[in-house]
Amino acid sequence: MSGLPVRKNDEVVADIVGIGHNGEGVGRYQGFTLFIPGALPGEKALARVVKLKKQFGYGKLLEVVEASPDRVAPPCSIYSQCGGCQLQHLDYEAQLRVKRQLVVDNLERIGKLSVMGGAGRNAEDDPSAHASDAAGGEAAERGSEGGLPERDAHIAVPERGAHIEAPERNAHNEALKQDKDKPASDAHKEPPVSDAHEEIPETDVHKNLPERNAHMAAAGSAEPAANGRQSAPGVHVHPTIGMADPWRYRNKAQVPIGEQEGGLVGGFYAQGSHRIIDMAECMIQHEQNDQVVAKVKHIAEELGIRAYDEQTGRGLLRHVVAKYGFATGEIMIVLITNGANIPKRDELIGLLRRDVPGVVSICQNINTDKTNVIFGPETRVLWGSETIRDAIGNVQFLISARSFYQVNPVQTEILYNKALEYAQLTGEETVIDAYCGIGTISLFLAKRAKEVYGVEIVEDAIADARRNAELNDIRNVTFQTGPAEEVIPAWREQGIQPDVIVVDPPRKGCDEALLDTILAMRPARVVYVSCNPSTLARDLRVLEDGGYRTVEVQPVDMFPHTVHVECVIGICRDDT
């Protein structure tokens with residue numbers, strides 16, 4: 001392309017100024033933006049240009065010329081192959097700072113919000129922001145499997161500041177990906193391995209929104225905003241809450257099974273293929289899940305059970321799903337099979353019961369479709385209970401083979417307690433929980449509120465929510481199936497007026513009709529639980545222009561060593 005400072009296959013030294021949506025380094029070379037996987041902020045990186053667009057390009061890391069003091073050697077032996085983690089080569093405290101900054105950048109650039117102590121920059125000032133948005137459009141066209149042209153491995157650091165060679169990262173961890181068959185309302189809860197540079201969806205309600213005249217200083221005077229209201233001094237974005245031990249935090253594993261050299265393998269897919277890379281352990285999975293996968297592979301191989309071959313459609317065992325209750329120690333094993341008949345079924349069950357201490361449920365899910373969707377329509381209990389039990393704080397949950405449940409229960413309790421804090425419940429409030437799922441947040445709220453109403457579009461999730469309410473003997477909660485933007489207005493016609501509305505949407509953010517509904521019902525407070533800072537910022541802009549103010553944001557590290565971050569946001573009506 002003419003007019004660009006680089007050409008394809010050029011080798012350039014770029015200054016790394018930030019981290020992108022995929023965890024890749026955002027590099028600048030002569031004012032041009034290059035996304036360079038494996039590079040870290042503050043580094044100078046030698047990279048080969050592998051792909052060019054008008055506003056940005058992609059580079060393959062060849063050498064770290066000047067290393068960041070926050071660079072560390074990843075402890076995982078397969079980090080160079082697996083795409084499940086993107087930030088193991090970044091010191092954990094630095095990861096927490098990066099995640100807060102990702103939130104701040106989106107609030108300022110997309111939401112046009114003033115952040116206390118923020119960078120004070122916007123898209124007009126930041127060419128890399130334009131590049132990231134443009135890259136999002138391309139990623140959307142490629143689809144979620146496209147990824148970057150090449151992904152680079154972790155970089156071993158023998159000495160701080162030494163020149164470091166970067167082998168090619170050539171694999172993509174399918175095992176940690178979100179279920180593609182998960183209900184849309186829950187799809188965000190377990191983020192995909194790698195988010196492409198996202199294009200933020202815009203609908204009519206999100207377009208042509210008035211902007212504030214200027215960012216306010218952190219403690220500056222309140223100046224008139226674009227809509228004539230008085231602006232608050234700025235949004236308080238707290239430091240990210242991390243984990244004391246950011247390893248072995250996941251309570252669920254789902255692993256594809258295949259055959260290589262006559263034996264069963266299970267792990268993750270190499271990028272750009274469905275060739276399975278065998279995995280003995282995953283350092284962000286609970287040890288029990290690793291053991292379950294290993295035992296199933298060993299026992300199935302002993303019994304002559306063949307793995308499914310997606311090329312031929314033959315073979316039986318497609319995936320192994322392991323679920324572990326952190327609070328109870330209970331284990332569920334789900335075998336995803338290409339057909340109903342399991343040879344030597346009773347022997348298989350007996351060996352799993354013998355070799356997996358703590359197992360209380362062995363299930364079979366049948367999926368005979370030629371698809372990359374993990375679960376099929378039918379689930380059977382082969383032995384034991386239909387569910388396992390777990391608890392978050394003092395709320396218990398029953399988890400079935402298909403139930404969505406947060407994968408990091410330790411941080412989930414922190415997340416939900418912060419949501420409770422921002423809701424400011426005294427016991428007299430009526431609360432609506434949109435996107436309520438299986439009722440996890442609703443049941444937390446019900447212990448402090450007068451009445452809670454939860455709405456969810458997925459019927460099975462509402463059935464789970466009602467069952468969990470009964471399990472906890474919580475009677476001041478009502479669950480209803482349907483779109484929130486239809487159910488909530490119907491509740492309003494019945495005289496239900498919420499004091500607080502809680503939203504916990506999927507990665508695409510809130511439906512525009514739901515935002516309209518919130519603005520029409522005008523609760524005193526809104527609590528937004530977000531898994532995507534980009535769509536969060538877009539939705540906050542809508543609420544701000546509709547008479548609400550964003551008070552504070554608490555990032556929570558639900559997925560250490562990945563680029564993903566969740567937030568809880570406290571939002572108040574202007575006249576409160």
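The values are calculated or read from the model by the stated rules, or taken from the named source; none is laboratory data. No experiment lies behind these values; they were computed from the predicted model shown. Virtual Cβ from ideal backbone geometry, glycine too; neighbours counted across all protein chains shown. Side chains included, ligands, DNA and RNA excluded: accessible areas come from the protein's heavy atoms. Shrake-Rupley method; radii C 1.70, N 1.55, O 1.52, S 1.80 Å.
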Peptides 314-325, 278-289: what's the order by average Cβ count within 10 Å, highest mean first?
-> 314-325, 278-289
Three-way shape call for segment 465-560 based on the alpha-carbon gyration tensor, with the a/c threshold at 1.5 | oblate
Additional length obtainable on full extension of the chain from R345 to R522, 0.36 nm per residue less Cα span = 58.0 nm
Å² of accessible area per residue within segment 490-560, as computed with a 1.4 Å probe and no ligands counted | 25 Å²
Which shape class applies to segment 326-375: rounded if a/c is under 1.5, otherwise prolate when a/b exceeds b/c and oblate if not, where a ≥ b ≥ c are the square roots of the Cα gyration tensor eigenvalues?
-> oblate
Kindly flag which residue pairs out of K51/K252; K323/K370; K323/K344; K112/K418; K323/K450 have an alpha-carbon separation exceeding 27 Å in this structure.
-> K51/K252; K323/K450
Between D460 and K54, Cβ-based FRET efficiency (R0 41 Å, step 0.05) works out to 0.35
With contacts defined as alpha carbon pairs under 8 Å and 6 or more residues apart, what's the relative contact order of segment 421-565 in percent?
-> 21 percent
So the carbon and sulfur contribution to the accessible area of segment 495-546, 1.4 Å probe, in percent, is 49 percent
Starting from the Cα gyration tensor of segment 324-461, take the square roots of the eigenvalues, sort them a ≥ b ≥ c, and report rounded, prolate or oblate (rounded when a/c is under 1.5, otherwise prolate if a/b is larger than b/c, else oblate).
-> prolate
Whole-Å distance linking the alpha carbon centroid of segment 275-295 with that of segment 478-540 is 38 Å
Return the long-range amide H neighbours of G83 (sequence gap of 5 or more, or a different chain), with a cut-off of under 5 Å between placed amide H atoms.
-> H172, N173
Other-chain or far-sequence residues with amide H under 5 Å of V235's (modelled H) = S114, V115, M116
In whole Å, what is the distance between the alpha-carbon centres of segment 415-472 and segment 1-61?
-> 45 Å
Enumerate the amide H contacts of L316 below 5 Å, restricted to partners 5 or more residues apart or on another chain; note that Pro and chain-start residues carry no placed amide H.
-> R306, A307, Y308
Karplus-derived 3J(HN,Hα), 6.51/-1.76/1.60, for each residue of segment 377-385, Hz, glycine and proline x = x, 10, 10, 10, 8, 7, 7, x, 8
Rounded to the nearest 10 Å², the 1.4 Å probe accessible area of K370 is 150 Å²
The answer for segment 1-94, accessible area per residue at 1.4 Å probe in Å², is 37 Å²
